[in-house]
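See below for the structure under consideration.
Any read-out appearing in this document is the output of simple, stated calculations on the displayed coordinates, not a laboratory observation. On a predicted model such as this, the values are computed, not experimentally measured, just so you know. Cβ sites come from the backbone with ideal geometry, for glycine too, and all protein chains shown count toward neighbours.
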Amino acid sequence: MRNGKLMGSGKETVIRSFLRRNLPSTVEVGRGFVLTPSGCSTQQDVLIFKSSSPLLFRDGDLVFITPDALVAAFEIKSRVDASRLTEAVEKLTATIRLLALPSRLDRMFGLFAFESTVAPAKIHEIIHHAADANVNHVIDLLCLGTRTLSVLPTVVGAPTSFREPLRPIFCTT
């Protein structure tokens with residue numbers, strides 16, 4: 001019998017382990033929550049945070065951190081269709097909004113899915129809708145399966161407003 005939650009959890013663990021082995025010692029990797037004066041994020045599958053910042057709580061991989069400690073947050077999915085992609089992107093966008101960062105240049109938000117059935121045009125629509133016409137709320141990185149890697153405009157020079165269309169950069173094989 002296949003258990004989707006258990007399989008997803010295993011993939012998250014593999015990615016966190018890979019990141020731990022390959023990132024510099026100035027950052028740590030876990031899963032958990034970001035707490036702000038205005039509230040708490042939903043659980044993030046992968047949190048990359050500054051080693052030098054104090055933690056509010058830690059139990060194994062589970063951490064509670066403050067916004068100043070956050071370097072990156074990622075959602076990890078085994079498989080996404082349009083509905084699951086929408087949920088994951090909206091979850092990340094809600095965390096971005098909660099943090100109310102004056103600048104996004106030193107934070108990254110992304111989504112990795114091992115399999116996807118979502119067409120590139122639909123990806124654009126989902127990301128644009130979730131950002132609610134605010135370029136500061138756009139996620140930075142989207143990796144769907146083995147064929148699509150999207151580096152979104154917040155990384156490569158975002159438009160100043162949504163008057164210009166959002167144009168992710170798609171790399172496909």
- For L99, L47, L144, what ranking results if the residue with the fewest other Cβ atoms within 10 Å of its Cβ goes first? L99, L144, L47
- Quick one: which of 31-38, 52-59 comes out on top by average Cβ neighbours within 10 Å, and what's the full order, highest first? 31-38, 52-59
- Message: Rounded, prolate or oblate, given the Cα gyration tensor of the stretch 1-150, with a/c below 1.5 counting as rounded?
- Response: oblate
- Message: Give me I127, I48 sorted ascending by neighbouring Cβ count inside 10 Å, so fewest comes first.
- Response: I48, I127
